[in-house]
Amino acid sequence: MIQISISDEIAWVCPGLEILSIACDIENTPSDPELWEEITKEEELFRSNYRIKDINKRIPIQATRQAYKKLGKDPNRYRPSSEALCRRILRGLPLYKIDTLVDLVNLISIRTGYSIGAFDAEKIEGEKLVLGIGRERELYNGIGRGELHIQGLPVYRDKKGGIGTPTSDEERTRVELSTRRLLMIINGYSGNEGLDAAEEMAISLLQRYVKGKNFAIGRIIKK
């Protein structure tokens, strides 16, 4: 299990932050029709229950946006990934179909409102991840976004550099069809309320769709 810690600089501005980490062995596939049927139903349900103006009121999204503001980052320009997914649904745009694992993570994010990092654990350099704050001109290539200016964003760093922010994960440690060991990080900037349900949901979906096994679960709180 990769050790995850919260730096003092993040703990100072996000005192309620609690992190849920889930590591497991998986078997990824290009696409799963049953999963996409579940995603389609979730989209329909979401459209019936929310309007654009309601998205930022979801507690996990609201808390993540507040963390951005405290760190000096504009959440309307650098939206948390969960918010971006929800807005895409309400704008009538199709969700991207990537692969079963990524699609599954997106489903959890839509249902819970949490921004979720998904990493190929075997690509992470070293045995530790530290959550800190992005620095000026720090090199970071967001998945599908190219160079991302992460100054002021919460960022997980391994021995080599940044691998994940609530806005976008880094290309270097992205999950692919070849991924065999997953590290999923669910960022609870709103605290631990809802994390138990998110954990249960994630484990169930991972077991069902990508044959998740050999789970290692962690909770990280800065004390």
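The values are calculated or read from the model by the stated rules, or taken from the named source; none is laboratory data. Source: prediction; values computed, not measured. Ideal geometry is used to build each Cβ from the backbone, glycine not excepted, and the neighbour counts take in all protein chains shown. Note: areas computed on protein heavy atoms with side chains; ligands, DNA, RNA excluded. Shrake-Rupley method; radii C 1.70, N 1.55, O 1.52, S 1.80 Å.
Kirkwood Rh over Cα pairs of the range 155-223 into Stokes-Einstein at 37 °C, 0.692 mPa s: D in µm²/s?
Here the translational diffusion coefficient equals 235 µm²/s.
Would you please name the chymotrypsin sites (Phe, Trp or Tyr not before Pro) within the range 83-148 that are DSSP coil residues with at most 11 other C-beta atoms within 10 Å of their C-beta?
Y96
With equal scatterers on the alpha carbons only and no solvent term, can you work out the Debye log10 of I(q)/I(0) for the range 83-203 at 0.17, 0.18, 0.22 1/Å?
-0.92, -1.04, -1.47
Run the accessible area of the range 89-158 with a 1.4 Å probe and give the carbon-and-sulfur part as a rounded percent.
45
Taking every alpha carbon pair in the range 1-97, what does the distance histogram look like in 5 angstrom bins from 0, in percent?
Taking every Cα pair in the range 1-97, the percentages come to 2, 10, 16, 16, 17, 15, 14, 8, 1.
Are there DSSP H segments in the chain that both extend 20 Å or more along their axis (alpha-carbon positions) and score a mean Kyte-Doolittle hydropathy of at least -0.5? List them, or say none. Don't jump to the answer; show the numbers that get you there.
Values: long enough: 33-49 (24 Å, -1.29); 195-210 (21 Å, 0.42).
Those that pass (Cα extent of 20 Å or more, hydropathy at least -0.5) are 195-210.
Heads up, I need the accessible area for R111: 1.4 angstrom probe, whole protein in place, Å², nearest 10.
Estimated to the nearest 10 Å², R111 gives 80 Å².
Suppose each label sits 7 Å from its Cα in the direction of the beta carbon; what would the D25-Y50 distance come out to in nanometres?
3.5
Please state the equivalent ellipsoid semi-axes for the range 105-174: what are the square roots of 5 times the Cα gyration tensor eigenvalues, largest first, in whole Å?
After scaling each eigenvalue by five and taking roots: 18, 15, 11 Å.
Report the FRET efficiency, 1/(1 + (r/R0)^6), for I59 and E147, where r is their Cβ-Cβ distance and R0 is 30 Å, rounded to 0.05.
Computed FRET efficiency for I59 and E147: 0.40.
Given the DSSP H assignment, sum -39500 (n - 2.57) over each helix run of at least 4 residues in the chain and divide by its residue total; what's the result at 222 nm in deg cm²/dmol, nearest 500?
Taken over the chain, the calculation gives -10500 deg cm²/dmol.
Express the C-alpha Rg of the range 52-102 as a ratio against the empirical globular expectation 2.2 N^0.38 Å, rounded to two decimals.
1.25
Roughly what percent of Cα-Cα pairs across the range 82-122 reach past 10 Å?
72
For the chain, what does the relative contact order come out to in percent, with C-alpha contacts under 8 Å and a separation of six or more?
39
With a 1.4 Å probe and all protein chains left in place, how much accessible area per residue does the chain have, in Å²?
Ligands and nucleic acids excluded, the figure is 49 Å² per residue.
I need the Kirkwood Rh of the range 45-141: take the reciprocal of the average 1/r across all distinct C-alpha pairs and report it in angstrom.
Every distinct Cα pair counted, the radius reaches 15.2 Å.
Would you please state the base-10 log of I(q)/I(0) at q = 0.10 1/Å for the chain, with intensities from the Debye formula using one equal scatterer on every alpha carbon?
-0.40
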